[in-house]
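Take a look at the structure set out below.
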Amino acid sequence: MADRGDAGPCCCGQPVQDFRMLRFPDDGQAGVVGLGAILGEMAAAGKPVAAGTAQVIVEKLAQRNYVPASAHPQYRDVVLREYAAYIERRGGSGGTGRSPVSRDGRGG
């Protein structure tokens, strides 16, 4: 994939929409397509910031991206943080009516 400035990465001459780099605690990175749309879908459905929601997000990501089964736990942790930040930026509660992330990190 080439980088075309503000048009985003591209493949076969077409700009890739909704491309995002995920950064893992071990300094690894993975590029994924469609995460923004999935986060929006989860928020619109009122899904809480919780492990179950993270699992659904990973499953949806895997429909359009290569996500090795062995890496699902790491992806769940990263997308949970991404979803919490997404909800926080929108001033929402992730569908719980409470704080988006509880003290134990499992959702409010």
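Annotations for the structure displayed:
- Residue satisfying all of: in segment 58-108; farther than 15 Å from Ala37 by Cβ and touching a Lys or Arg at 6+ places or on another chain (Cβ under 8 Å); modelled with the lowest pLDDT among these: Gly108
- Hey, Ala45 at pLDDT 95 or above, over 12 Å from the mean Cα position of the chain (by Cα) and either within 22 Å of Glu88 (Cβ to Cβ) or surrounded by 15 or more Cβ atoms within 10 Å (Cβ to Cβ) (or both) or not: yes
- Boolean, Ala54 is in contact with a Lys or Arg (Cβ under 6 Å, 6 or more places away or on another chain) and either within 19 Å of Asp18 (Cα to Cα) or in a helix (DSSP H, G or I) (or both): yes
- Selection of segment 72-91 for residues being touching a residue at least 24 places away in the same chain (Cβ under 8 Å) and assigned to a helix (DSSP H, G or I) yields Gln74, Tyr75, Arg76, Asp77, Val78, Val79, Leu80, Glu82, Tyr83, Ala84, Tyr86, Ile87.
- Complete set of residues in segment 48-83 that are more than 18 Å from Gln29 (Cβ to Cβ) and β-branched (Val, Ile, Thr): Val49, Thr53, Val56
The values are calculated or read from the model by the stated rules, or taken from the named source; none is laboratory data. Keep in mind that what you see is a predicted model, and the values were worked out from it rather than measured. Cβ sites come from the backbone with ideal geometry, for glycine too, and all protein chains shown count toward neighbours.
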